[in-house]
Amino acid sequence: MALVTALRRLAHGRLRDFSWRTAAVTSGAWLTGQRSFTTRQSLRSDNKVMVHFVNRDGEKISVKGSPGDSLLDIVINEDLDFDGFGACEGTLACSTCHLIFEEETYKNLGPVTDEEMDMLDLAYGLTDTSRLGCQICLTKSMEGMVARVPESVEDIRQSQDGSS
């Protein structure tokens with residue numbers, strides 16, 4: 001799972017500030033011939049974005065995530081207990097990270113891919129403002145957004161192979 005998260009961050013350009021020179025000097029790798037890396041971007045809390053999740057039972061859970069993280073990353077990183085959420089670990093093979101957004105927030109989330117639409121068609125409780133959390137990456141402009149977890153979830157992979 002750590003590998004999936006690392007690859008997802010790489011795909012979202014999280015390592016764009018990468019510097020081999022900085023990595024070698026700060027880690028002492030130049031002495032041992034080892035490769036390592038760092039980023040110039042600090043992990044300070046002022047770089048975090050607040051997201052509010054409304055759980056199935058109506059409980060509001062507020063957490064912070066880093067710009068570039070997907071909403072699925074945040075649920076996993078913060079160890080939020082949303083039963084069945086993110087079963088495919090963000091590979092667009094299920095619809096268990098289905099989230100429902102307020103109209104104004106939904107309009108600012110960016111375009112929906114055909115692959116995401118195919119998975120959303122399988123989501124239980126689909127609405128006009130539904131998206132998959134694995135496909136929504138945080139930006140600073142999303143500060144304070146609210147994402148509602150649907151009342152129920154179904155992992156389509158289980159119902160297709162008959163092992164409910």
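Can you tell me which residues in the range 123-146 are assigned to a strand (DSSP E or B) and over 12 Å from the mean Cα position of the chain (by Cα)?
Of the residues in the range 123-146, the ones assigned to a strand (DSSP E or B) are 130-132, 137, 145-146.
Of everything in the range 123-146, those that are assigned to a strand (DSSP E or B) and over 12 Å from the mean Cα position of the chain (by Cα) turn out to be 130, 145, 146.
Any residue that is open to solvent by less than 20 Å² (accessible area, probe 1.4 Å), at pLDDT 50 or above and hydroxyl-bearing (Ser, Thr, Tyr) - is there at least one of those in the range 18-26? If you could, list the steps in order and put the result at the bottom.
Our first condition is that a residue be open to solvent by less than 20 Å² (accessible area, probe 1.4 Å); within the range 18-26, this holds for 19, 23.
Next, from what is left, pick out any that are at pLDDT 50 or above: none.
The answer is no, given that none of the residues of the range 18-26 is open to solvent by less than 20 Å² (accessible area, probe 1.4 Å), at pLDDT 50 or above and hydroxyl-bearing (Ser, Thr, Tyr).
Condition first: closer than 18 Å to residue 111 by Cβ, modelled with pLDDT of 95 or more, of a type outside the set (A, V, I, L, M) and open to solvent by 90 Å² or more (accessible area, probe 1.4 Å). Can you find one or more residues in the range 127-134 that meet it? I'd like the intermediate steps shown before the answer.
Step one: list which residues in the range 127-134 are closer than 18 Å to residue 111 by Cβ, which gives 127-134.
From the residues that got through so far, the ones that are modelled with pLDDT of 95 or more too are 127-134.
Narrowing further to those that are of a type outside the set (A, V, I, L, M): 127-131, 133-134.
Keeping just the survivors that are open to solvent by 90 Å² or more (accessible area, probe 1.4 Å) gives 128.
Looking through the range 127-134, at least one residue is closer than 18 Å to residue 111 by Cβ, modelled with pLDDT of 95 or more, of a type outside the set (A, V, I, L, M) and open to solvent by 90 Å² or more (accessible area, probe 1.4 Å).
Looking across 103, 78, 59, 89, one residue alone is open to solvent by 30 Å² or more (accessible area, probe 1.4 Å) and at positive phi. It is 89.
I'd like to verify a number: residues in the range 147-164 that are basic (Lys, Arg) and either in a strand (DSSP E or B) or modelled with pLDDT of 85 or more (or both), how many? Break it down stepwise before answering.
Taking the range 147-164 as the starting set, the residues that turn out to be basic (Lys, Arg) are 148, 157.
Within this subset, residues satisfying the condition of being either in a strand (DSSP E or B) or modelled with pLDDT of 85 or more (or both) are 148.
Residues flagged as basic (Lys, Arg) and either in a strand (DSSP E or B) or modelled with pLDDT of 85 or more (or both) within the range 147-164 amount to 1.
In the range 73-90, the residues that are modelled with pLDDT of 90 or more reach residues that are surrounded by 15 or more Cβ atoms within 10 Å (Cβ to Cβ) and of a type in the set (Phe, Trp, Tyr) with C-beta atoms within less than 7 angstrom, at least six apart or across chains, in these pairs: 75/82; 75/85; 80/53. Checking each residue in the range 86-120 for being in contact with a Ser or Thr (Cβ under 8 Å, 6 or more places away or on another chain), assigned to a loop (DSSP other than H, G, I, E, B) and within 14 Å of residue 131 (Cβ to Cβ) picks out 86, 90, 102, 108.
Screening 139, 113 for residues that are touching a Pro at 6+ places or on another chain (Cβ under 7 Å), at pLDDT 90 or above and more than 21 Å from residue 82 (Cβ to Cβ) leaves exactly one candidate, 139.
The values are calculated or read from the model by the stated rules, or taken from the named source; none is laboratory data. All of these numbers come straight from a predicted model, not from anything done at the bench. Glycine gets a Cβ as well: all are built from the backbone with ideal geometry, and neighbour counts include every protein chain shown. Ligands, DNA and RNA are excluded from the accessible area calculation, which covers all protein heavy atoms including side chains. Shrake-Rupley method; radii C 1.70, N 1.55, O 1.52, S 1.80 Å.
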